[in-house]
Every structure is written in structure tokens, then in C-alpha cells.
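Worksheet: one structure, shown below.
Since every read-out is calculated from the coordinates, none of them should be taken as a lab result. Quantities reported herein were computed from a predicted structural model and do not represent experimental measurements. Cβ: placed from backbone, ideal geometry, glycine included. Neighbour counts: every protein chain shown.
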Amino acid sequence: MLRLTYLLSLSVLQIALVVDVVPVLAEALRLRSAVLQAPDAETALLRFAIAGVGMLGGSFALTAPLFALLRHHQRGALRFLGLPAWAVAVTIAGAAAFLLAIALAAWLPEVDLPWVDALLDPEPPIALAAIALMAGGALAAELLRRSVAPPRRLRELMPARPGRVEVVHPDDLRTHAG
């Protein structure tokens, strides 16, 4: 159950990154690159190339939850066993806070009470804080993951138990306690 909740939290994180973070980063990249304000064509081309590299790097960074989900799908339940419990808890708590903030933002405008506006004001910062909490927990969980060997390999890696072999035949080779 905890594994499924963690995997769902990774999915929520990926959706939150696409919906809430990518537009902000795209706008910042557009404003910072200022390709159209370049004084000449060479500078514009250089700025365009730098913006392209920034988009490529950002796309890899923002798809990290998908890579983690892919690894969990490939390796199965044993991959989850190596994750630190505290990092999994942080990721799940961030996902719960994000979903709660989104649900309240969708439901509260329908309520006709004077204090609703006061509750809607902190929703965007709470959602961003929850995204940061999810991302930090997932990053810590995946980076600090301990290796857990498959059950077949565990048997091979365990040291052999020291045992005593006693020879009973022939008499001249018989083991004598002593």
C-alpha cells in the first residue's frame, strides 16, 4: 500500500511539474534569452542556441519523476525496499498537501461565505511549497536508495554456516573428539 502511494505521489509530482512549473520556467527562459532584442543575427542565433540547451536540460530535470517511475516498473517491489522511509513519507505528505490545495481551490469559490477569499489567497504558495516538498522527498528517496539484492542472490551472498564433518569409516580415519 505504501509503495502504491509513493508511486502515485511520483505521478502527482510529474503532473504538478508540467502544469505549475513548466509554464513559469518557459516564461522566464523566454524573457531571459531575449532573442528578438539581439543587436545582430549572430547574437540572436547564440541566444537561441543557449535557450535550446536550457530547454533540453530543463526537460531532463523535469522528467525525473518519470525516470523514477520507469525504474520502479522495471525492478518491481525490491526497488522500493531500499528507499528511506522518511523520504517516502515526505514525498507522500507533499502530494497530499498539493492535492488538498488543488481541491480547495476548485471547491472553495463555490462557497458563498465572507472568509473564503482569505482561504484562497495562500493556495498558490501552498501548492508550490507542496511541489517543492514532493520533489525534495522523491529526489532524496531515489538518490539515497540502498541496494537490495534479489532473493536468489541473497542466498548466494550469505556466508556458509561453519559445520563439523565427522568421518566414521574407515576406523583409521575416524574423527576423534578431543
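Using θ = phi - 60° in the Karplus curve 6.51 cos²θ - 1.76 cosθ + 1.60, the 3J(HN,Hα) couplings for the stretch 19-29 round to 7, 9, 9, 4, x, 5, 5, 5, 5, 5, 5 Hz; x is entered for Gly and Pro. Amide H to amide H distances under 5 Å link residue 83 with 146, where only residues 5 or more positions off or on other chains count and H is placed in the peptide plane.
Relative protection proxy for 92-105, 53-66, 31-44, from highest mean packing down: 92-105, 53-66, 31-44 (other beta-carbon atoms within 10 angstrom). Using C-alpha pairs under 8 Å with a sequence gap of at least 6, the mean separation divided by the residue count of the stretch 9-107 gives a relative contact order of 39 percent. Each residue of the stretch 57-68 was assigned a 3J(HN,Hα) from its phi angle through the Karplus curve 6.51 cos²θ - 1.76 cosθ + 1.60 (θ = phi - 60°); the sequence is x, x, 5, 5, 5, 7, 9, 4, x, 5, 4, 5 Hz, with glycine and proline shown as x. With each label modelled as a point 7 angstrom along the Cα→C-beta vector, the residue 67-residue 42 pair spans 3.6 nm.
Given the Cα-Cα distance of residue 103 and residue 25 and 0.36 nm per residue of separation, how much length would full extension add, in nm?
Fully extending the segment from residue 103 to residue 25 adds 25.7 nm.
Note on residue 11/residue 129: beta-carbon distance plugged into 1/(1 + (r/R0)^6) with R0 of 22 Å gives a FRET efficiency of 0.70. The charge dipole of the stretch 26-112, taken about its Cα centre with unit charges on the Cβ of Lys, Arg, Asp and Glu (plus for the first two, minus for the last two), comes to roughly 520 debye.
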